[in-house]
Amino acid sequence: MDGGELAAHRIARIETRTVTSHYPRIVGKNARRGVHGPGPQSQVRIITTDRGAVGWGLSAGPDGALPALVGRRINDLFEPAVGVIDTAALPLDFPLHDLAARILGVPVYRMLGAAGPTSFPCYDGAIYMDDILPEDAPRGCDVILENCAADWALGYRAFKLKIGRGHQWMPPEEGLRRDIAVTRLVRERYPASLLLVDGNDGFTCDQFLRYLDAVADCSLYWIEEPFPEARQDLQRLREFLAARSPQTLLADGEASPDIPHLIALAREGLVDVLLMDIVGLGFTAWRRWMPTFAEIGVRTAPHTWGVPVKTFYAAQLGAGLGNVLILEGIPCVAGDLDGSAYHLAEGVLHVPDAPGFAVTLRDQ
């Protein structure tokens, strides 16, 4: 798309607003962070043009220089084939993508080229360490199964389990035993489901190999960030997997990503899936890097935890550019954001054929 229609629009107003998302339950701990709570508050910005077009999206940082963008033509800030082209407008990365696609009357994924599918497997990213809470009367492993069952009822058919309880919440040996028990328990209850585990860099390599030795028969779909991505440790892990669980993928890149380093590891076959956050890296940056990832044969699954709309951003990226393997789902029951145009059924998220990112603010 040449985006000629964008030249007819100038920014008339930029509004900053805080919106709230609600999880269906209090989300507990992972290996490194405490209780995640009932749902986040997020900053968004809403752009209105002089011709009445409106787009919005997550947008971090202070207002700063944003008032200087008022009066600018959209095509001076954004090109459909690239994304944001003026660094001063990068805080508006998601709002500008939404706005431009709405002006053009197409979903974001079509503006990107529609090179990927419009449905994706979507795993449940909300299975945290609720078994160790509350501290004065931990609920135990049964609550993990309760959470899986609740999210199954919402349409999920794959589960990502947080592991690494021995990093700081339990004595190391006791934590390791609990990680093993939870993994085996969920696999027993859901024998046909994809099962993913996420260590949030909470293990040493030796500790994680002990965990993996005990669950090697659980057919893990992927291992996410078991420890900081040191080449030697990843080589040891790859050798172990080749012998015991060759179908299991290695996923990394969420925490403080060094993309050139991750690319080098991927070229060596030490990382299978890259996980940089969809917002932390940015939509324009994801667009710039994706051809390189595809060229070297590493798949992607952008990290989206926190705000449910991030899952929809990742879905649009995958439908537009391809090379997205699976989506991280965030159960959400209400809030200021309406993503009902996206349909999750039997573990598959379907991307709507509606303009922009197809998510609305409830009072728009």
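Observations on the model:
- Restricting Asp50, Asp2 to those that are at pLDDT 95 or above and acidic (Asp, Glu) reduces the list to Asp50.
- Every residue from the range 120-172 that is among the charged types (D, E, K, R) and out of contact with any helix residue (DSSP H, G or I) (no Cβ under 7 Å at 6 or more places or on another chain): Glu135, Asp136, Asp142, Glu146, Asp151, Arg157, Lys160, Lys162
- Against the test of being closer than 15 Å to Phe94 by Cβ, surrounded by 21 or more Cβ atoms within 10 Å (Cβ to Cβ) and of a type outside the set (Asp, Glu), the options Gly320, Gly280 yield a single qualifying residue, Gly320.
- Of the helices (runs of 4 or more DSSP H) lying entirely inside the range 276-343, those containing at least 1 residues that are without any contact (Cβ under 8 Å) to a residue 12 or more places away in the chain are 283-296.
- Looking across the range 250-272, the residues that are touching a helix residue (DSSP H, G or I) at 6+ places or on another chain (Cβ under 9 Å) and hydrophobic (A, V, I, L, M, F, W, C) come down to Leu250, Ile259, Ile263, Ala264, Leu265, Ala266, Leu270, Val271.
- For the range 40-84, filtering for residues that are of a type in the set (A, V, I, L, M) and within 24 Å of the chain's Cα centre (by Cα) leaves 7.
- Sole exception among (1) farther than 30 Å from Ala88 by Cα; (2) over 17 Å from the mean Cα position of the chain (by Cα); (3) acidic (Asp, Glu) for Asp272, by number: (2)
- Residue in the range 220-227 that is hydroxyl-bearing (Ser, Thr, Tyr) and in a helix (DSSP H, G or I) present: no
- Among residues that are charged (D, E, K, R), within 20 Å of the chain's Cα centre (by Cα) and surrounded by 19 or more Cβ atoms within 10 Å (Cβ to Cβ), Asp201 is included.
- Selection of the range 344-353 for residues being in contact with a strand residue (DSSP E or B) (Cβ under 8 Å, 6 or more places away or on another chain), over 22 Å from Thr284 (Cβ atoms) and not in a strand (DSSP E or B) yields Gly347, Pro352, Asp353.
- The number of residues in the range 293-304 that are surrounded by fewer than 21 Cβ atoms within 10 Å (Cβ to Cβ) and more than 16 Å from Gly116 (Cα to Cα) comes to 1.
- Of all residues making up the range 231-273, the number that are more than 19 Å from Val215 (Cβ to Cβ), among the aliphatic types (A, V, I, L, M) and assigned to a helix (DSSP H, G or I): 6
- Any pair with Cβ under 9 angstrom, 6 or more apart, that starts in the range 77-103 at a residue that is outside the structural domain of Ala60 (by TED's automatic domain parsing) and ends at one that is surrounded by fewer than 23 Cβ atoms within 10 Å (Cβ to Cβ) and in a helix (DSSP H, G or I): none
For (1) in contact with a Phe, Trp or Tyr (Cβ under 6 Å, 6 or more places away or on another chain); (2) assigned by TED's automatic domain parsing to the domain that holds Ile330; (3) without any contact (Cβ under 8 Å) to a residue 12 or more places away in the chain; (4) not in a loop (DSSP other than H, G, I, E, B), each residue gets a yes or a no:
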residue	(1), (2), (3), (4)
Arg139	no, yes, yes, no
Glu146	no, yes, yes, yes
Asp151	no, yes, no, yes
Lys160	yes, yes, no, yes
Gly166	no, yes, no, yes
Trp169	no, yes, no, no
Arg178	no, yes, no, yes
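- Of all residues making up the range 204-252, the number that are at pLDDT below 95 and either buried (at least 18 other Cβ atoms within 10 Å of the Cβ) or of a type in the set (Phe, Trp, Tyr) (or both): 1
- With respect to the conditions (1) touching a residue at least 40 places away in the same chain (Cβ under 8 Å); (2) over 17 Å from Asn30 (Cα atoms), Ala214 falls short on a single one, namely (1).
The values are calculated or read from the model by the stated rules, or taken from the named source; none is laboratory data. In this text the structure is predicted, and so the values were computed from the model without any measurement. Cβ coordinates were reconstructed from backbone atoms using ideal geometry, including for glycine residues, and neighbour counts include every protein chain displayed.
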